[in-house]
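Undergrad: Just passing along the structure, written as structure tokens.
Derivation of every value follows stated rules applied to the coordinates shown; laboratory data play no part. Please read all numbers here as calculations on a predicted model, not as lab measurements. Don't worry about glycine lacking a Cβ; one is built from the backbone with ideal geometry, like all the others, and counts go over all protein chains shown.
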Amino acid sequence: MPYIPHTTEQTGEMLETLGLDNLRDLFSGIKEDLRPKSFDLPPTMSEMRVVQQVENLSQKNNTKICSFLGGGFYDHYIPAAVTDVISRSEFYTAYTPYQPEASQGTLQAIFEYQTAVCRLLDMQYSNASLYDGGTAIYEAAMMAVRSTKRKKILISEGINPIYRRILDSYTTNLHLELKTIPQKQGQTDIDALEAALDEDVAALVVQTPNFFGCISDFSHLFAKARKYKIVNIISVNPLLQSVLKTAGEMGADIAVAEGQSLGLPLNFGGPYLGIITCNGKLVRQMPGRVAGKTKDSEGNTGYVLTIQAREQHIRRQKATSNICSNQALCALQSLAHISLLGPEGLRLTAETCLENARYAAKRLVEIPGIELLNNEPFGHEFAVCLPVNAYEIVDKLTEQGYIPGFPIGGYYPGMENCLLVACTEKRSKQEIGMLAEMMRGAL
Amino acid sequence: MKTMFQKSKKGRTGVIPEEPEKKAADMVPESLLRSAPAALPELSELDVVRHFTRLSRKNFGVDGNFYPLGSCTMKYNPKFNEKLAALPGFTDLHPLEPQLRGAGQFTQGALEVIYSTEQLLCEITGMEAFTLQPLAGAHGELTGAMLIAAYHNKKGNKKTKIIVPDSAHGTNPASAAIAGFDVVSIESKDGIIDPKALRESLDEDVAALMMTCPNTLGLFEDHLPEIVDMLHSVDALLYYDGANLNAIMGQMRVGDVGFDVVHLNLHKTFGTPHGGGGPGSGPVGVNKKLEPFLPVSRVVRLEDGQYFLDYDYPDSIGFIAPFYGNFGVILKAYAYILRLGRDGLSRASEYAVLAANYLRKRLENHLHIPYNRTCMHEFVVSAVNQAQNGVKAVDIAKALLDKGHHAPTVYFPLIVKECLMIEPTETESKETLDGFVDDLIDILETAEKDPEKIQNAPYTTPVRRLDEVRAAKKMELRE
């Protein structure tokens, strides 16, 4: 049988040690009426056949198309060395570093990851990572609820709608009040957010660039919110943080991000990387694993999982979170990516994305009937209004091998004509030109 | 070893992308730009590769070491899976594509992987339907608890409590609490759930019991049928924590025996790598009663063989993850299940249980085994006798590192003093198991003659024993 090393003779010896005749005797505790009603699975297959079968499935997907899809998840180039580094099985066949002396590789990498994301976002503390950017918003909101002992969460409609739905589901039974402040033509409505601040609010949750691509400075809003002792939570794009005003500079208390754009492939939705960082005493409310520096018995520097008094295996039902894993390998992947590109490489990548997005916006608004949703500054993604339903255009262009963007109407009723267009550094000027020509032809 | 920040040299570059024509300041108002570049490492590509290569050498992993970490199922991770998960036909796929009507055709292969994996897991467990969305085991538990809440809400049941036996998996109480339930703990008797204690805690307010079976002592729950009936008699549900499914594949299906909700850990039972702590994958299966509440989206197969995403489930608990789960992990589990097939999965459980019992038998004269009877895939030993001589479970664990073995899980479950929880898995040879026993016996003999030697272990690891109290006090969490 695959991956079972025991010979018939050895199996016999082991059974004999136990005084048993056959393997079935090991399961005599499972009585006859508990036995499976069926176990109708395919027969064992050779490695070659499985590889062929799965390769065939991969070929049923088409990844040769030219895509301008974003929506929080982006097609960036990943240097070969990133993939190489995380392919070392000393990293990927280890588990959570419960024995720190035998896990210094993983632990130092987590410590470095925490340092890197703190420096990128200008925040004080990071944990070892969470599942994804959406659950990170939920965990951040719960940190605020616990630390303020308040029940109201104020959330901008400019937050990725997928994340807002995750927050909705998780808080259903928790007797919290979720108040969504509508966006205005794709802009985060800062005035309306400010008007909604009061002493009952635990958390204010905003995003930049928001789902529509608009960049905002929340410094003023955060300063106002602080007067009510509200926890300011911001969701950012970590790649663009290399050039844009940072979470820390704006005065956020908790900053979260989806880390996918730092060296993780799109992978049909996962695994991704939930970045969560905070300032000050909020670190005591941090969910999940955290690595810290210490000394060994001879005074050498080493790393361990720390401030574990927050965690589920010690606090049981009173823990800050039920999370007992992190996305360690994904965190390692992003750390490799950050260190290979360095501050300069990240900046150049971000600037190319911004430049491509501006070129695309310019080309698209030249087409009669297409205009920008608003005139706010944007990042590497922007929304346009079309004279027709955006799904129609997407349908037409996909037939020609182009995905022009994401129709917003599914998540924002009334915006059926809006299309969200993302540009990464991988899109060339020629491809953007082709997109514009095809859009022109399709209208 | 220096950190990458300490190795950084100002002006050194690694992978340098193409130069854009414009600077950020030409494109975005200055008030929206960061004031100074981030202080990130400036390294060459070789610097980075060498840094990580050296870090990797400071790790134990399944590929290099026996890793009998109880309840974690550290079995061998087949290499062909890594190759399959790296196919660009999967890695380059944008998750929003199937949400565009016209582009769903581009993702048929990936949707088929999801659909087929759900079907296979249904057959393995006897459940009616699965969602692959939960991103880890604990995330699966939370999803399961949310499903339980949705079921009772829909029926108008006012139920507030979830019962968690003291022998259950460690995350259960926190998962139940986070879903909004009060947690009631019940004490086990002779290592398993005591029906009498359960009856005393069971009332109309109980929404569910979360059971790990075999439990964290590695023991099968002998009173299972009685427990199922008791729970269902008050319309409470039975949750199966699948952390230990590697013990029972082909021997029992949790759906057949009356469990209503189950989560699995693909990174344990189905051979996907643990990644140093993640990414995992924690699919949740349900029976007919709970199917309407599963998270959306769900992958549906049409009569013509096409797959699409269906969101039309009005009773669904909604979104619990951004997309369809940790697809890269799911893909490996799918290939693993195909590779092993019916007989391979059954054999895996048989040999996992054989290996655990063999180790138990070989150790029974050397360490206290509080529940020394036929176990399932893992068992718990206790160093209470050694502790009288000053050598604790943690000391034995550290001494094992010097012998080149990863340590078993220590101090869990909480109900056994000075415990070590040992799970060898089916993929370790008899030679490895024998070598582990010999090394452990050697450590125990030394512990008797020279306890200080074991108390000061480890000696050969990249660092000596680390001061965890200092770390918690100083809180140096970054540079």
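Undergrad: Given the options A:GLU101, A:GLU55, A:GLU381, state which has the largest fluctuation in a GNM of chain A using a 10 Å cut-off (strictly under) for Cα springs.
TA: Checking each option, the largest mean-square fluctuation is seen for A:GLU55.
Undergrad: Please sort B:165-177, A:3-15 by packing, taking for each peptide the average over its residues of neighbouring beta carbons within 10 angstrom, highest first.
TA: On the way: B:165-177: 26.5, A:3-15: 15.9.
Ranking the peptides B:165-177, A:3-15 by packing returns B:165-177, A:3-15.
Undergrad: Next up: Which of the helices in chain B meet the span-like rule: DSSP H, Cα axial reach of 20 Å or more, Kyte-Doolittle mean at least -0.5?
TA: B:108-125, B:137-155, B:327-363, B:430-449
Undergrad: Grab the Cα-Cα distance for B:SER31 and B:HIS366, subtract it from 0.36 nm times how many residues apart they are, and report the gain in nm with one decimal.
TA: 113.6 nm
Undergrad: Residues with amide H under 5 Å of A:LEU244's amide H, sequence separation 5 or more or different chain, H placed in the peptide plane at 1.01 Å from N; which?
TA: B:ARG34
Undergrad: FRET efficiency for A:ASN300 and A:GLU55, Cβ-Cβ distance as r, R0 = 35 Å, nearest 0.05?
TA: 0.15
Undergrad: In peptide A:15-24, how many Cβ atoms from other protein chains are near each Cβ within 10 Å, on average?
TA: Values: counts 3, 0, 5, 7, 1, 3, 0, 1, 7, 2.
Taking all residues of A:15-24 together, the mean is 3.
Undergrad: Once both axes come from the Cα atoms, what is the angle between helix A:161-171 and the longest principal axis of chain A, in degrees from 0 to 90, rounded to 10?
TA: Approximately 50 degrees, to the nearest 10.
Undergrad: Also, I was wondering about something else. Could you go through the range A:50-64 in sequence order and give the Karplus-derived ³J(HN,Hα) for each residue, using 6.51 cos²θ - 1.76 cosθ + 1.60 with θ = phi - 60°, rounded to whole Hz, and x for Gly and Pro?
TA: With the stated coefficients, the range A:50-64 comes to 5, 4, 4, 4, 6, 4, 4, 5, 5, 6, 6, 8, 10, 10, 8 Hz.
Undergrad: Looking at the square roots a ≥ b ≥ c of the eigenvalues of the Cα gyration tensor of the range B:170-238, which shape do they give, rounded for a/c under 1.5, prolate if a/b is larger than b/c, or oblate? Intermediate values should be presented prior to the final figure.
TA: Values: a/c = 1.77, a/b = 1.14, b/c = 1.55.
Oblate, since a/c reaches 1.5 and b/c is not below a/b.
Undergrad: Also, quick follow-up: Per the helix-only calculation at 222 nm, which mean residue ellipticity applies to chain A, given -39500 (n - 2.57) for every DSSP H run of n ≥ 4 and division by its residues, nearest 500 deg cm²/dmol? Numbers along the way, then the final one.
TA: Details: 14 runs with 165 residues, N = 443.
Result for chain A, helices only: -11500 deg cm²/dmol.
Undergrad: Long-range amide H contacts for B:SER185: which residues qualify at under 5 Å (H placed 1.01 Å from N, peptide plane, sequence gap of 5 or more or a different chain)?
TA: Amide H to amide H, under 5 Å and 5 or more residues apart or across chains, B:SER185 pairs with B:VAL164.
Undergrad: A follow-up question, please. Considering only DSSP beta bridges whose two residues both sit in the protein assembly as shown, what percent are antiparallel, to the nearest 5?
TA: The answer is about 55 percent antiparallel.
Undergrad: Please turn the phi angles of the range B:164-171 into ³J(HN,Hα) values with the Karplus equation 6.51 cos²θ - 1.76 cosθ + 1.60 (θ = phi - 60°), one per residue in order, whole Hz, x for glycine and proline.
TA: Here the 3J(HN,Hα) series is 10, x, 5, 9, 7, 5, x, 7 Hz.
Undergrad: Within the range A:355-390, list the residues whose amide N lies under 17 Å from a label point set 7 Å along Cα→Cβ of B:GLU21.
TA: Within reach of a label on B:GLU21, which here means backbone N under 17 Å from a point 7 Å along Cα→Cβ, the range A:355-390 contributes A:355-366.
Undergrad: Just checking the output field for A:349-361: average partner chain Cβ neighbours within 10 Å of each residue's Cβ?
TA: 4
Undergrad: Kindly state, to the nearest 0.05, the FRET efficiency for A:ASP200 paired with A:ASP168, given R0 = 22 Å and r defined as their beta-carbon distance.
TA: 0.70
Undergrad: Hey, got the average number of other protein chain Cβ atoms within 10 angstrom for residues in A:173-183?
TA: 1
Undergrad: As a test of the formula, what do you get for chain B when each DSSP H run with n ≥ 4 contributes -39,500 (n - 2.57) and the sum is divided by the residue count, at 222 nm and rounded to the nearest 500 deg cm²/dmol?
TA: -11000 deg cm²/dmol
Undergrad: Here is a follow-up. Determine the dipole magnitude for the range B:152-233: charges of +1 sit on the beta-carbon of Lys and Arg, -1 on that of Asp and Glu, nothing else is charged, the reference point is the Cα centre, and the result goes in debye to the nearest 20.
TA: The dipole magnitude comes to about 440 debye.
Undergrad: From Cα pairs below 8 angstrom and at least 6 apart in sequence, can you work out the relative contact order of the range A:291-386, rounded to a whole percent?
TA: 13 percent
Undergrad: Helix A:429-442 versus the longest principal axis of chain A: what is the Cα-based angle in degrees, 0 to 90, to the nearest 10?
TA: Once rounded, one gets 70 degrees.
Undergrad: Can I ask one more? What is the list of residues in the range B:184-208 whose amide nitrogen lies under 14 Å from a point 7 angstrom out from the Cα of B:ASN157, following Cα to Cβ?
TA: Within reach of a label on B:ASN157: B:202-208.
Undergrad: Next question. Let me know the shape class of chain B, please: from the alpha-carbon gyration tensor, a ≥ b ≥ c as square roots of the eigenvalues, rounded when a/c is under 1.5, otherwise prolate if a/b is greater than b/c, or oblate.
TA: Oblate shape, in that a/c is at least 1.5 and b/c is the bigger or equal ratio.
Undergrad: Listed highest first by mean packing, meaning other Cβ atoms within 10 Å per residue, what order do B:404-413, B:223-232, A:251-260 come in?
TA: Packing proxy ranking, top to bottom: A:251-260, B:404-413, B:223-232.
Undergrad: Quick one: length gained pulling B:GLN119 to B:GLU452 fully straight, 0.36 nm per residue minus the C-alpha distance?
TA: Working: separation 333, 0.36 × 333 = 119.88 nm, distance 5.47 nm.
Fully extending the segment from B:GLN119 to B:GLU452 adds 114.4 nm.
Undergrad: Once you keep just the Cα pairs under 8 angstrom separated by 6 or more residues, what percentage relative contact order results for the range A:378-443?
TA: The value is 39 percent.
Undergrad: Oh, and also: Using Stokes-Einstein with the Kirkwood hydrodynamic radius over Cα pairs, what translational diffusion coefficient do you get for the protein assembly as shown at 37 °C and a viscosity of 0.692 mPa s, in µm²/s rounded to a whole number?
TA: 117 µm²/s
Undergrad: Could you list which residues have their amide H under 5 Å from that of A:CYS324, counting only those 5 or more apart in sequence or on another chain, with H placed in the peptide plane?
TA: Placed amide hydrogens put B:ALA138 under 5 Å from A:CYS324.
Undergrad: Here's another thing I want to ask about it. What ranking do B:456-463, B:196-203, A:31-38, B:106-113 get when scored by the average of other Cβ atoms within 10 Å per residue, highest first?
TA: B:106-113, B:456-463, B:196-203, A:31-38
Undergrad: By how many degrees, between 0 and 90 and to the nearest 10, does the Cα long axis of helix A:133-148 differ from the longest principal axis of chain A?
TA: Roughly 90 degrees between the two axes.
Undergrad: Take the alpha carbon gyration tensor of the range A:77-118, find the square roots of its eigenvalues, order them as a ≥ b ≥ c, and report rounded if a/c is under 1.5; if not, report prolate when a/b exceeds b/c, else oblate.
TA: Oblate, because a/c is 1.5 or more while a/b does not exceed b/c.
Undergrad: Counting pairs of alpha carbon atoms under 8 Å apart in space and at least six apart in sequence, what relative contact order in percent does chain B give? Kindly include the intermediate steps, with their values, before the conclusion.
TA: Details: 852 pairs, mean separation 85.7, N = 479.
In percent, rounded to a whole number, it is 18.
Undergrad: Step through the residues of the range A:116-128 one at a time and calculate ³J(HN,Hα) from phi using the Karplus curve (6.51 cos²θ - 1.76 cosθ + 1.60, θ = phi - 60°), rounding each to whole Hz and writing x for Gly and Pro.
TA: Calculated HN-Hα couplings, in order: 5, 5, 4, 5, 5, 9, 6, 10, 8, 10, 10, 8, 7 Hz.
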